[in-house]
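Read the structure below first, then the notes.
The values are calculated or read from the model by the stated rules, or taken from the named source; none is laboratory data. Every value quoted in this text rests on a predicted model; they were computed, and no experiment measured them. Every residue, glycine among them, receives a Cβ derived from its backbone with ideal geometry; neighbour counts consider all protein chains shown. Note: accessible area is taken over every heavy atom of the protein model, side chains too, but ligands, DNA and RNA are not part of it. Shrake-Rupley method; radii C 1.70, N 1.55, O 1.52, S 1.80 Å.
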Amino acid sequence: MGSLKKTDEEDFMSLEETKEAILYVNGVRRILPDGLAHLTLLEYLRDIGLTGTKLGCGEGGCGACTVMVSYYDQLHNRSVHYAVNACLAPLYSVEGMHVITVEGVGNRRSGLHPVQESLARSHGSQCGYCTPGFIMSMYALLRSSRSAPSEEQIEECLAGNLCRCTGYRPIVDAFRVFAKTNDAVYANRSSGSFPEGEFVCPSTGKPCSCGSKGLNEDANVKEATTCINGYSPISFSEVDGSSYVEKELIFPPELLLRKLTPLKLGGFGGLKWYRPLKLQHVLDLKSLYPDAKLVTGNTEVGIEMKLKRIQYHVLVSVAQVSDLNSLNESEDGLEIGAAVKLTELRNFLIKVVSQRASHETSSCRALIEQIKWFAGKQIRNVASVGGNICTASPISDLNPIWMAAGAKFRIIDCRGKPRTAAAKDFFLGYRKVDLASSEILLSVLLPWTKPFEYVKEFKQAHRREDDIAIVNAGMRVFLELNDGKWAVSDASIVYGGVAPVSLPASNTEGFLIGKFWDQDLLQGAVKVLEKDILLKENAPGGMVEFRKSLTSSFFFKFFLWVSHQMKDKESFPENLCLSHMSAIQSFSKSPTTGCQNYEIRKHGTAVGSPEVHLSARLQVTGEAEYADDTPMPPNGLHAALVLSRKPHARIVSIDESGAKSSPGFAGLFTYKDVPGGNNIGPVIDDEELFASEIVTCVGQAIGVVVADTHENAKIAARKVHVEYEELPAVLSIQDALRSNSFHPNTERCMAKGDVELCFQSGKVDRVLEGEVHVGGQEHFYLETNSSMVWTMDGGNEVYMISSTQAPQKHQKYASHVLRLPMSKIVCKTKRIGGGFGGKETRSAAIAAAAAVPSYLLNRPVKITLDRDVDMMISGQRHSFLGKYKVGFTNEGKLLALDLEIYNNAGNSLDLSLAVLERAMFHSDNVYAIPNVRIRGRVCFTNIPSNTAFRGFGGPQGMLIAENWIQRVAVELKKSPEKIREINLQSEGFVLHYGQELQHCTLAQVWGELKSSCDFWKTRSDVDVFNKQNRWKKRGVAMVPTKFGISFTLKFMNQAGALVQVYTDGTVLVTHGGVEMGQGLHTKVAQIAASSFNIPLSSVFISETSTDKVPNASPTAASASSDMYGAAVLDACEQIKARMEPIASKKQHNSFATLARACYEQRIDLSAHGFYITPDIDFDWKTGKGNPFRYFTYGAAFAEVEIDTLTGDFHTRTADIILDLGYSLNPAIDIGQIEGAFIQGLGWVAMEELKWGDADHKWISPGFLYTCGPGNYKIPSADDIPLKFKVSLLKGNPNVKAIHSSKAVGEPPFFLAASVFFAIKDAIAASRMEAGYNEWFPLDNPATPERIRMACIDDFTKPFAGPEYRPKLSV
């Protein structure tokens, strides 16, 4: 084999005839010009106007950017269709292929595809930002499947897609109709019987024949899962795949005939992109460019270049090199080409396992299982075997298996000289491998296993699906019969996640060889292992004790698994206790089932009907527009923030020379350039738009750079050099308490009765004192903060389109910093891709930062934050510290509560005082306590300011309460549910802040839930299970909630709306609320439609705009439907009153003719409606008043199962009942409940924020480690309860809100605490078996680390004692 000389680069292209680079997008041929090698497919698609494909994270972790790619496989004469993450796919990697985006699947004008239609009518889209990604993942599965997929395949294809709104259940139900038919799955699951009548389809909300029937005189009663009317493909061909509609996009004929050619193309900054087709070409290029990076799917290199800022100048795509894509069987084993995709490998291994003797394929089965949990489907479809190996990640899922299985790596150099390296010797150090710069990995040789040779995989992550490992392992043992006993002839134990490389436990391996496979071997090996795997206290990644314990747990599981495999073998002793079998039963998930039970109370034409979200059809087709989808004008600029890198420091100097010479740079703006005031803040002006002298957190804005492209703006911002003089930093609540660091004037106190007297009296039998640490939570809305600002009339007016819950705040901030009157600034918001409180205040400063250059340069400026920046700077849910003292009787009656609570506000006050106050209001949860004293303070710390998040402090206060309730139960040896029940508040009870409960349905909700979940029977069943299973434990819990509805600041409880009736009978509504997925616009439209007695389709809700409705409060506090609905109704009633004289003549057969007649009579058909929430007031001087209009009550039951050896858990059942009065739209309300519950589940059990503080010294001080989906894990579709039931309390109208409804957004969130306390119940069962019966603390989130380390056993004791409490950033 020859090689190229460096002076003869052109020879590569002369080896093959070259053609123009082309790409088909949605059936349209496009020529790809040279110079775009730096672009991803996502950037290209959005640049050509296909904005349905969204940027959610930029690292392949959320699936919002999913598209389908098709290419023609010449070898097998068929097309291959698969889903990819467009945010990682290099543009040129899809050259010669067909890309279908959501726009190419279907649209409103030409018709929706069945997959879009099903998702829309199943209420599977709320904010809609993630929706196109889900559509494309499912669409790719359907097109690539010869026949209908299984339910397991459907759920698996969604593993790489995240949703923050819906709770996933309606998405899974919507796609389930495409699965292989099984009517039983979709049948009505209710045990109750209903009178005869029509059945209401849960998908459409309309009568149909898809399930059981049920109707009564007052309401349509619905209880079922999903419609059984399924879809199946109408045709299948090897070229086009499966088709579900006649006009399905076909595979372009040109691409069938087109021969692939090598590519040599360039990109920004001199980047070179090569696509060789032959191995020789690859070797020649490697000779020419020794530092060239080989890529297949770009899933690692793309992240390195984007997030780690690593620069590669030459990229060589080897995806089309046939010699690197081979899969061959031989007598010795398998040869797997280095460029083979993981999906392809798994399918091949499944085929091999089905065809060969079982004893030969133990390694294959381990790889199949491990690949299943490797990233999401979109990543597996493009990621290669060789890429994963050569990345040499210390947490690679596959490398420990290659090493343990005795695999060998075939390597070839530029001269064509091959060599072989054992996998165990290949990894030299952190991301260093035994490859010279002139060598490449050619293939992997995987030997067959022998009889009595066993290979097993292990992995524990924060989340089962689409997550990197905390610790993983590959283990192999070969047993031989020796003197009538089975002894270890060979062994290999390899761990990932415990060292800079995948690490063989060499001493343990040596210990095992020659030993008999018995209990002595187990005990001895575990002791050797403890010293074999060493982790330093502040090792990167933290969780040292947990990671150490997992090494022992995994080996124990391996020992039991091998023993189970050998149980029927000759002379093998029966040493496997039946209760220990639970340790080796792998998690297998049955399809999830959902049940929704509600009544329909119709009021007029639309109110009360389970209507589909008004934007659903726009969202499923990608036609719904968000802030970042707004086209940039030709002279527009992009902005990027210059951010502090220190938690507390004095700015010494700012050097912008590097930025000025950066391509496309148009300006840097700092505090000196702000035309108006630089001090900002939603309550008090204690923040700076741009830091002037002192920075008080990492991520604080120092300035803003504008440039011609988003990427150039970011590059220039990074080139601004800031010198600091560091100052002492306060990084946690404990730091704040030690240094007396509080925001001024934030002390609060409220009291009822006399706490001190009660404790001293003889009434209290017992007193408990303790602390509760409550973790924070990232909002993780799928759409990051984005605003576009432009001027008009030479800068006399400023307009902005923003992703915000509070357009008025954007208007106010821009007015302040530009020194313009608010009347000259307009902020518009059509919809936002999720908010949850995170876009209530923190988004305003980001928009204001973009407004400064836009105003000064008189040019449009767009700012869209990258996911990591958004998470770092925009604040999270407040962490809390609660210190309680509670007194109670021996019967469990609560008598006194003395509570101190502190929240971590960060570096500015923002809304932290109001958050603290609501936490104090809710610190009783639902419990009648005659003597209460609650004191609170707001801590100042040097982290970015925390802010509003769904529940607004209420969940934190209630979680503290439920912690001490559970402790009281343990102290009295009673069920927590009994303690809760005997202390429930009831009608007329006066709360600790003086408000009397009216229309209290708490007892009814609790009783119905107890009956629905059959609590005591389930409790008994769980106890039986726990006695029979040592290493898996189940737990149950029932938790109630009471959530006050209103802004706690009185003046914010006001709402305005503008209603306009046109002469064609249609109605335009504009109100001050923002649609963020919660269905606000849909409910408001229903109210207007019912008021005018017209169809819902006749009402249109316009964008929210500050020039239509002024001075609007943020869309928050769950009160928007109440307030804006009432304001719209007020406007409608005004218009109806004006129309009445004409209408009373009854000469009009339609609303349109009536409107026309009124117009001709010069009657004003436009009205401004207004509403103020009545009967609310609170005085902090006395600590008494009525801060809330009413309360929403609810309760939830959960049953969970934990793996005590690893900390893994899943929710078996969740049963929720909420009192929502007469629901305005039960389908939307059900969606809010499910979404809130799953978001709450993330808070209590999965989502952990890790900051650089005293407990996390491996993180730079003040930095947020968990600033992207790679390290921060929100629930996925795999995490929803296996049985998920939601019911609305029937027959309880709410007299205090519009049409007898109740607010729904925030109240259900806390009910996920039922999962948390069910986990704690399961842990208690494990501890009890180990002899530990006393109470123990468990902080949220109850991550695998916290679950596992609380389950004390012989594998945790060497590393942590019974009192061990994993570290938490609070």
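Some notes on this structure:
Matching residues to (1) modelled with pLDDT under 95; (2) under 23 Å from N107 (Cα atoms); (3) over 25 Å from the mean Cα position of the chain (by Cα):
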residue: P132; (1), (2), (3): no, yes, no
residue: E152; (1), (2), (3): yes, no, no
residue: T166; (1), (2), (3): no, yes, no
residue: A174; (1), (2), (3): no, yes, no
residue: K180; (1), (2), (3): yes, no, yes
residue: Y186; (1), (2), (3): yes, no, yes
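- Scanning the range 1330-1344 for residues that are over 22 Å from E977 (Cα atoms) and open to solvent by 10 Å² or more (accessible area, probe 1.4 Å) turns up A1330, G1331.
- Take the conditions (1) more than 22 Å from the chain's Cα centre (by Cα); (2) more than 22 Å from G636 (Cβ to Cβ); (3) at pLDDT 95 or above; (4) not hydrophobic (A, V, I, L, M, F, W, C); H76 misses just one of them, which is (3).
- Selected residue (criterion: nearest to R842 (Cα to Cα)) from residues of the range 788-806 that are of a type in the set (S, T, N, Q) and in a strand (DSSP E or B): S802
- On inspection, I350 qualifies as open to solvent by 20 Å² or more (accessible area, probe 1.4 Å) and either of a type in the set (D, E) or assigned to a helix (DSSP H, G or I) (or both).
- Odd one out for D870, checked against (1) under 28 Å from L307 (Cβ atoms); (2) charged (D, E, K, R); (3) assigned to a loop (DSSP other than H, G, I, E, B): (3)
- Some residue of the range 1102-1115 being outside any loop (DSSP other than H, G, I, E, B) and surrounded by 15 or more Cβ atoms within 10 Å (Cβ to Cβ): yes
- Checked across the range 1236-1246, the condition of being under 16 Å from the mean Cα position of the chain (by Cα) and part of a loop (DSSP other than H, G, I, E, B) holds for at least one residue.
- Residue among V861, V852 that is in contact with a Leu (Cβ under 6 Å, 6 or more places away or on another chain) and either among the hydroxyl-bearing types (S, T, Y) or open to solvent by less than 10 Å² (accessible area, probe 1.4 Å) (or both): V861
- Residue check, V817 among the aliphatic types (A, V, I, L, M), touching a residue at least 24 places away in the same chain (Cβ under 8 Å), open to solvent by less than 10 Å² (accessible area, probe 1.4 Å) and outside any strand (DSSP E or B): yes
- Any hit, the range 389-408, residues being open to solvent by less than 40 Å² (accessible area, probe 1.4 Å) and assigned to a strand (DSSP E or B): no
- Flag not set for T709, criterion: among the hydroxyl-bearing types (S, T, Y) and surrounded by 24 or more Cβ atoms within 10 Å (Cβ to Cβ).
- Residue among Q998, Q1004 that alone is part of a helix (DSSP H, G or I), polar (S, T, N, Q) and either over 30 Å from E756 (Cβ atoms) or out of contact with any Gly (no Cβ under 8 Å at 6 or more places or on another chain) (or both): Q1004
- Residue satisfying all of: in the range 1177-1219; β-branched (V, I, T) and open to solvent by 10 Å² or more (accessible area, probe 1.4 Å); nearest to A1313 (Cα to Cα) among these: T1213
- Test: P1281 is within 14 Å of F1209 (Cβ to Cβ), in contact (Cβ under 8 Å) with a residue 40 or more places away in the chain and part of a loop (DSSP other than H, G, I, E, B): yes
- When A666, A701, A606 are screened for being open to solvent by less than 10 Å² (accessible area, probe 1.4 Å) and either closer than 24 Å to T784 by Cβ or in contact (Cβ under 8 Å) with a residue 24 or more places away in the chain (or both), only A606 passes.
- Screening A849, A844 for residues that are touching a Phe, Trp or Tyr at 6+ places or on another chain (Cβ under 7 Å) and in a helix (DSSP H, G or I) leaves exactly one candidate, A844.
- For the range 500-543, filtered to residues that are in a loop (DSSP other than H, G, I, E, B), among the charged types (D, E, K, R) and within 15 Å of L479 (Cβ to Cβ), the residue that is modelled with the lowest pLDDT is D518.
- Top-ranked residue of the range 785-806 - restricted to ones that are of a type in the set (S, T, Y) and open to solvent by 10 Å² or more (accessible area, probe 1.4 Å), ranked as nearest to the chain's Cα centre (by Cα): Y799
- Matching residues, the range 993-1025, being open to solvent by less than 40 Å² (accessible area, probe 1.4 Å) and either modelled with pLDDT under 95 or among the hydroxyl-bearing types (S, T, Y) (or both): Y993, T1001, T1018
- Residue in the range 670-687 that is farthest from N907 (Cα to Cα), counting only those that are in contact with a Ser or Thr (Cβ under 9 Å, 6 or more places away or on another chain) and without any contact (Cβ under 8 Å) to a residue 60 or more places away in the chain: K672
- Meets criteria (without any contact (Cβ under 8 Å) to a residue 24 or more places away in the chain and either open to solvent by 40 Å² or more (accessible area, probe 1.4 Å) or closer than 30 Å to L1205 by Cα (or both)) for D467: no
- Residue count, the range 1026-1055 (criterion: of a type outside the set (V, I, T), open to solvent by less than 10 Å² (accessible area, probe 1.4 Å) and either more than 30 Å from E981 (Cα to Cα) or part of a strand (DSSP E or B) (or both)): 10
- Leading residue by the ranking (farthest from the chain's Cα centre (by Cα)) among those in the range 1056-1099 that are surrounded by fewer than 24 Cβ atoms within 10 Å (Cβ to Cβ), among the aliphatic types (A, V, I, L, M) and closer than 16 Å to R1156 by Cα: I1094
- There is at least one residue in the range 89-108 that is open to solvent by 10 Å² or more (accessible area, probe 1.4 Å), in a helix (DSSP H, G or I), under 23 Å from L36 (Cβ atoms) and acidic (D, E).
- Qualifying residue in the range 1222-1229 (condition: in a loop (DSSP other than H, G, I, E, B), touching a residue at least 40 places away in the same chain (Cβ under 8 Å) and out of contact with any Pro (no Cβ under 9 Å at 6 or more places or on another chain)): yes
- Pair list, Cβ < 9 Å and 6+ apart or interchain, from the range 1176-1191 residues that are assigned to a loop (DSSP other than H, G, I, E, B) to residues that are open to solvent by 60 Å² or more (accessible area, probe 1.4 Å): I1176/K1050; I1176/N1186; W1180/C749; G1183/C749; P1187/K1050; P1187/D1177; R1189/D1175
- Within the range 874-921, tally of residues that are β-branched (V, I, T) and over 30 Å from T696 (Cα atoms): 2
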